[in-house]
1. Among (1) of a type outside the set (Phe, Trp, Tyr); (2) surrounded by fewer than 20 Cβ atoms within 10 Å (Cβ to Cβ); (3) over 20 Å from Pro266 (Cβ atoms), which single condition is Ser8 missing?
2. List, please: which pairs have Cβ atoms under 8 Å, are six or more places apart or on different chains, and start with a residue in the stretch 239-260 that is at positive phi and end with one that is outside any helix (DSSP H, G or I)?
3. Please find, within the stretch 131-187, the residue that is nearest to Phe66 (Cα to Cα) out of those that are among the polar types (S, T, N, Q) and in contact (Cβ under 8 Å) with a residue 60 or more places away in the chain.
4. Under 8 Å between Cβ atoms, at least 6 apart or on separate chains: pull out the pairs that start in the stretch 301-319 with a residue that is under 15 Å from Val113 (Cβ atoms) and end on any residue that is of a type in the set (Val, Ile, Thr).
5. Output the residues belonging to the stretch 233-248 that are in a loop (DSSP other than H, G, I, E, B) and within 12 Å of Gln7 (Cβ to Cβ).
6. Filter the helices (runs of 4 or more DSSP H) completely within the stretch 249-346 down to those with at least 1 residues that are at pLDDT below 85.
7. Which count do you get for residues in the stretch 98-121 that are more than 21 Å from Val304 (Cα to Cα) and of a type in the set (Phe, Trp, Tyr)?
8. Can you spot a residue in the stretch 210-229 that is modelled with pLDDT under 95, open to solvent by 20 Å² or more (accessible area, probe 1.4 Å) and in a loop (DSSP other than H, G, I, E, B)?
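The values are calculated or read from the model by the stated rules, or taken from the named source; none is laboratory data. On a predicted model such as this, the values are computed, not experimentally measured, just so you know. Glycine also receives a Cβ, built like all others from the backbone with ideal geometry; neighbour counts cover every protein chain displayed. Ligands, DNA and RNA are excluded from the accessible area calculation, which covers all protein heavy atoms including side chains. Shrake-Rupley method; radii C 1.70, N 1.55, O 1.52, S 1.80 Å.
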Amino acid sequence: MEKKKFQSLEEISQGRNNNLNFIRLIAAIMVIFSHSFPISGGVEIDPFTLLTDGQVGLGALAVDIFFFYGGFLICKSVCRLKTFRAYFRARILRIFPPLFIICAILTFFVGAVLTELTVTQYFTDAGTYKYLLNSFLILQRDLPGVFIHNIYGSVVNGSLWTLPVEFICYIMCYVIYKFDWLKDQNIKWLTAFFIVGCLGIRILSGWVPVLSAVITPISLFYEGILCFKYRNKIKLNLSVCMMMLFGMITSVAIGVAQYTVFMFLPYILLYIGYVSKYKFFRFANKAEISYGMYLCAFPVQQIVCHLWGGKMNPYMNFLVSMPVIVMLGWICYRIVEKPMARWMKK
C-alpha cells in the first residue's frame, strides 16, 4: 500500500507509538546543560544562546517544548477524564508527591549537611521551614547558610519557577473545557482574546520582566490545546516540516525568532513527536525519569559546584552532575511516581 503523503494528527496521535518520552528526556538534558553555565561559571549565556545571538536560549527552548506537548496531552486528558475531581486528582498526584519528597530531603538532610550554620542554628531558623512552601508552589529560593559561597548564589532550586506556571495552565485548560470554549465558534473568539492579551503582556513586560519569562510557555501551552482541538484538520508532512525548520532558522538569522517561534516550533514538534520515521515509543516504558530529573537537577548542580569550591568549568559541572541526576530521576520514578500511577489506576 502506498504511504500517505500527509498524515492526520488525529490518526497518528492515538496510542503510545510516539517519541514524546524521548523528546522530554532530551529537553531535560538541554535544561541541565544550559544551567551549567550560570550555576558553575557565573555566565548567564550558554553556547546555543550565543549562536542565536540571544534570541533562543537552550533552557527556554526546552521549557517551550515541555509546555507545548503539555498543552496537547493535558487537553486530551481533560477530555477523557471530564470531571473536576478526576482531572485535578490526576494532576495533583503527578506533581506534588515527588515535589514534596524532594523539598523535604533538601530541607532536612541536604541543607543540614551543607549549611554554614550550626545544626541548632539551622533548625531554629524560620527560613529552614519556609523552604517547604515550595511543596505548595509558593516559591522560596534559599535555605539558611546553604550555597552562600557558590558563584550563582544561594538559590537551592531555581527550576521550580515553571511549576506554578504549569499549574496555572492546568487550570486554564480545565476552564476552557468546562465552559465549552473548545467548541468551534467559542475557540475562535477565545483565541482572538488570548492573542490580544499576550500582546498586552508583551508590552507590559518592559516594566515587569517576569511577565516576559512566562508568556511564551503559556502561549505554547495554549497552542498545544489548539492543536488537540484541530487534530483532525492538521496534516503532517516532512516537506512542510522542513519548510517550518527553514523558517525558524531564517527567523534567527534576521533577528525575529522570539516572535516567530509560535509559528514554526509547534509543527516541527508535532512531526518529530508523532511522524518521524524513527520511533522510540518503547523508550522509558520502564521508567519515565524526566520529571524526577527536573526536580533534582538544579540542587545537584549546585552541590557539585559547592564541593568544587563554589566555581568550576561549566562543561565539567554538566558531566559530573548528569549521572547523579539520571540516577536520582530513576529512583524518584521507582519509589514515588510509579506507585502513585498504580494507585491512580486502581
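1. (3)
2. The qualifying pairs are Gly255/Asp53; Gly255/Gln55.
3. Thr162
4. If the second residue must be of a type in the set (Val, Ile, Thr), the pairs left are Gln302/Ile39; Gln302/Val155; Gln302/Val156; Ile303/Val110; Val304/Val320; Val304/Val324.
5. Result: Ile234, Asn237.
6. 257-270, 338-345
7. Within the stretch 98-121, residues that are more than 21 Å from Val304 (Cα to Cα) and of a type in the set (Phe, Trp, Tyr) number 1.
8. So far as the stretch 210-229 goes, no, none of its residues is modelled with pLDDT under 95, open to solvent by 20 Å² or more (accessible area, probe 1.4 Å) and in a loop (DSSP other than H, G, I, E, B).
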